Structure formats: C-alpha cells, structure tokens
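Remarks on the structure that follows.
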Amino acid sequence: MTVTGMGADVRDAPTGGSSGLGRNVGELRQGRVQRVMDRLSHGALWVAGTVSMVFLLAPVVVVVLASFNRVPALDVPPRRWSLSSYGAISPALYEAFFLSLQLAAMAAALSVALAVPASFWLARTRGVLPRTVDTFFRSPLQVPRIVLGMSLYQAYVLYQLMSGVSLRGTFTGLLAAHVVLVTPYVIATCVASIEGRGQDLELAAASLGASPLRVFVQVSLPVIRQALIASAVLATLISFDDVPLSLFLSGAGTTPLPVQLFALSEQNLTPSLYAAATLTLAFSIVITVLLEKFVGLRQALQR
C-alpha cells in the first residue's frame, strides 16, 4: 500500500509541475502583451497630442513670424526681418484695443458682482428652483456664440421698437451682451469652489456672534478668493477675444479690437495687421502667465 501510494505521488508530481509552469508561461506572455499594448497606446497618445499641438499652434506661429516682415507679403519665415510693422499700426487699432480692454474689465467686474451672491445661493440651497436657476444661468454655455449674438441682436431690435431706445452700436448694449456671455463662466467656477468647501468656518464665526454680513465679507469671500480672481481673469480674456457676439452688436465708435482685425483682414492682409494680432496674443499670454505665477491657474480653477 505504501509503495503504491508513493508511486501515485511520484506520477502526480510532474503533472502538477507542468500545469504550474504552463500558467507561469501564460502569465508571462500576457504581461508582455500588456506592456506592448501600453507602449503602443502611449505612443499613439503622444503622436495625437503632438499633431493637435502643431495644428493649433501653426497658424499662430505664422501670424507672429509674418508680423516681422518688412515687405507687405506673407513670407514665412520673413526674408527681411523688421519691426517697422509694429510702428505702422493704425491709431484706430490702438483705440479699439483700449475699448476692448475697458469693455472686458467692466464685463468681468459686473459678472463677478452678479455671480458671487448667485453662486452662494446656488451652492447652499437645495431644491428644484436652484437647479432650474442654475440651468438658466449656464444656458449661454450651451449656445454657440453666433446664435447668442443673433438672439441678442433681435432682442435689442424688439427693445428699440417697444421703448424707442436703441442699444445696438452702443457701449452699454455691448457691455450688457458681454456680461451675459461671461457670467456663466464665473458662476461655474465659483459654485465649484463653494461646493468643494464646507461651512465649518462660517458656522464657527456665526456661533461667535458675527453678523451674516461680517461672516460673508470676512470668512466666505476670502475662502473663494483665488477662484474669484481666476474667474475674473478668465472672464476678461473671453470678453477681450470675443468676435461673434460683438460682430452683431458693435457700431461706429464701439468696435472692439478683434472685430476690427476681422474686418481689416477681409480687405487686405498687411504686416501691421499681423503685428496688431501678435500684440493681442501677447496680451492674453501675459495675463495668463501672471495669473499662473501669482495665483496658480490650476489650483484656482479647482478651488
């Protein structure tokens, strides 16, 4: 009996070892295949990202290089480098630049003033009404700007027929439209920041006898300070770079710089026009870099 049992054990041993070895080989092959697939997917993502970056940046690089061309031709790279095109920028473009800057700053300030109380109410209130109001505030984000511009244009026409006051071609009408455009971005950023933080500090301040106004000014606002700065800068850039909305609502004396550049580009492309576009691009980049340096763009948008 003992010998027979030992023989059975001996016969069974190679079978178990073979199956274990087979499993190890299979796992090894599967691991190699997985590593190859990971490398291929990583390479595909890298290629797709590189192609996307080239596709996005190539037109910008062409415009910047063309702005240094001495002759009025689109030679990239320029055969004769010069800064003369920057000195030949029309005074009308500088006026349009300062108009765009004023419009963007005022639109950002008004949107922040409207968005802060609305954001606290939307973030701290539960029910059907807050969700409905939130959907209403964010609706401009779902509508193409060209459609939003046409809608506001028709609204201004109806307002003029009813009241006799024209908002088309006025700074007030353009400002109101830009506030409608940028306020949803400010609300979305502020609501996300408020919802990401609890009410412990506010409740503690209230329990110590602070009035609601003092709690709001000294506790609630400082907590979302970075989100406010980030959303205000984002609103400024969106308003400053807008074309579709301003194209329908601007007029003589109230034409922002992007619309002015768009209109001039249809007539003639000159190095001075490329220079003005390059300065506009540089302004946006400087604002973004300053925001990242002093506030932290990613952290501010996440808070």
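The values are calculated or read from the model by the stated rules, or taken from the named source; none is laboratory data. Here the structure is a predicted model, which is why all the values come from computation and not from measurement. As a convention, Cβ positions derive from the backbone with ideal geometry for all residues, glycine included, and neighbour counts pool all protein chains shown.
General remarks:
Listed here are the residues, each with its yes/no results for (1) over 21 Å from the mean Cα position of the chain (by Cα); (2) at pLDDT below 80; (3) outside the structural domain of Val289 (by TED's automatic domain parsing); (4) in a helix (DSSP H, G or I).
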{"position": "Ala155", "(1), (2), (3), (4)": "yes, no, no, yes"}
{"position": "Thr183", "(1), (2), (3), (4)": "no, no, no, yes"}
{"position": "Ile187", "(1), (2), (3), (4)": "no, no, no, yes"}
{"position": "Val191", "(1), (2), (3), (4)": "no, no, no, yes"}
{"position": "Gly198", "(1), (2), (3), (4)": "yes, yes, no, no"}
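- Set Pro77, Pro117, Pro59: member being under 30 Å from Pro212 (Cβ atoms) and either within 26 Å of the chain's Cα centre (by Cα) or not small (Gly, Ala, Ser) (or both): Pro117
- Count - residues of region 219-276 that are assigned to a loop (DSSP other than H, G, I, E, B) and at negative phi: 13
Matching residues to (1) loosely packed, with under 11 Cβ neighbours inside 10 Å; (2) within 30 Å of Leu213 (Cα to Cα):
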residue	(1), (2)
Arg138	no, yes
Pro144	yes, no
Leu152	no, no
Tyr159	no, no
Met162	yes, no
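- Looking at Leu122, Leu99, Leu158, just one residue is of a type outside the set (Ser, Thr, Tyr) and closer than 15 Å to Asp241 by Cα, and that residue is Leu99.
- Every residue from region 118-136 that is aromatic (Phe, Trp, Tyr) and surrounded by 12 or more Cβ atoms within 10 Å (Cβ to Cβ): Phe120, Trp121
- Pair list, Cβ under 7 Å, 6 or more apart: region 202-218 residue free of Cβ contacts under 8 Å to residues at least 60 places away in the same chain and within 14 Å of Phe120 (Cβ to Cβ), other residue among the small types (Gly, Ala, Ser) and assigned to a helix (DSSP H, G or I): Glu202/Ser220; Val215/Ala205; Val215/Ala206
- Boolean, Ser82 is among the polar types (S, T, N, Q) and touching a Cys at 6+ places or on another chain (Cβ under 6 Å): no
- Single residue of Thr172, Thr132 found to be in the same structural domain as Ile224 (by TED's automatic domain parsing), modelled with pLDDT under 85 and hydroxyl-bearing (Ser, Thr, Tyr): Thr132
Rundown of residues vs (1) farther than 30 Å from Leu279 by Cα; (2) at pLDDT 75 or above; (3) surrounded by fewer than 10 Cβ atoms within 10 Å (Cβ to Cβ), yes/no style:
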residue	(1), (2), (3)
Thr2	yes, no, yes
Ala13	yes, no, no
Gly31	yes, no, no
Leu45	yes, yes, no
Ser52	no, yes, no
